[in-house]
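Q: Once you've had a glance at the structure underneath, I'll fire off some questions.
The values are calculated or read from the model by the stated rules, or taken from the named source; none is laboratory data. From a predicted model like this one, the values you see are computed outputs, not experimental measurements. Using ideal geometry, Cβ is built from the backbone for each residue, glycine included, and neighbour counts are taken over all protein chains shown.
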Amino acid sequence: MNNTKSKIHTGKKKRNGVADLMKLQYKIELTPLSKADGGGYLATIPLLKGCQSDGSSPDEATDHLREAQRAWFESALKHDDPIPLPQ
């Protein structure tokens, strides 16, 4: 697989910033949490390693995930880390 098509390096994307990255359509996975884990839902973006959040409902978990996604992009841009692009 050609990595230049699946990832961008942040140096090229800084001029567009987080707002443009947030417009991209990343796959979100929602997983119900057991009562032992506190209940509610876990929301993740598998392509963005470590990007996850939770909430008491699927909508709340997804809303919180969008905040985590924004922070993930901000950190990647700050540290010049590559950002995987959705397929």
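Q: Looking at 27, 7, 12, which is the one that is within 21 Å of residue 87 (Cα to Cα), among the charged types (D, E, K, R) and at pLDDT 95 or above?
A: Working: 7 fails: at pLDDT 95 or above; 12 fails: at pLDDT 95 or above.
Answer to the check: 27.
Q: While we're looking at this one, here's another question. Applying the selection to segment 63-87, what residues are under 13 Å from residue 30 (Cα atoms) and buried (at least 16 other Cβ atoms within 10 Å of the Cβ)?
A: Hits for segment 63-87 are 64, 65.
Q: Also, I was wondering about something else. Has segment 52-62 got at least one residue that is in a strand (DSSP E or B), at pLDDT 95 or above, in contact with a Phe, Trp or Tyr (Cβ under 8 Å, 6 or more places away or on another chain) and not hydroxyl-bearing (Ser, Thr, Tyr)?
A: Step one: list which residues in segment 52-62 are in a strand (DSSP E or B), which gives 52-55.
Remaining after also requiring at pLDDT 95 or above: 52-55.
Checking the rest, the ones that are also in contact with a Phe, Trp or Tyr (Cβ under 8 Å, 6 or more places away or on another chain) come to 54-55.
Then drop every residue that is not not hydroxyl-bearing (Ser, Thr, Tyr), which leaves 54-55.
Among the residues of segment 52-62, at least one is in a strand (DSSP E or B), at pLDDT 95 or above, in contact with a Phe, Trp or Tyr (Cβ under 8 Å, 6 or more places away or on another chain) and not hydroxyl-bearing (Ser, Thr, Tyr), which makes the answer yes.
Q: Looking only at segment 43-59, count how many residues are surrounded by 15 or more Cβ atoms within 10 Å (Cβ to Cβ), over 20 Å from residue 17 (Cα atoms), within 15 Å of the chain's Cα centre (by Cα) and not aliphatic (A, V, I, L, M).
A: Summing the residues that are surrounded by 15 or more Cβ atoms within 10 Å (Cβ to Cβ), over 20 Å from residue 17 (Cα atoms), within 15 Å of the chain's Cα centre (by Cα) and not aliphatic (A, V, I, L, M) in segment 43-59 gives 4.
Q: Only one of these conditions is not met by residue 40: (1) surrounded by 12 or more Cβ atoms within 10 Å (Cβ to Cβ); (2) free of Cβ contacts under 8 Å to residues at least 12 places away in the same chain; (3) more than 15 Å from residue 20 (Cα to Cα). Which number is it?
A: (2)
Q: What number of residues in segment 63-87 are touching a residue at least 12 places away in the same chain (Cβ under 8 Å), in a helix (DSSP H, G or I) and among the aliphatic types (A, V, I, L, M)?
A: The qualifying residues number 4.
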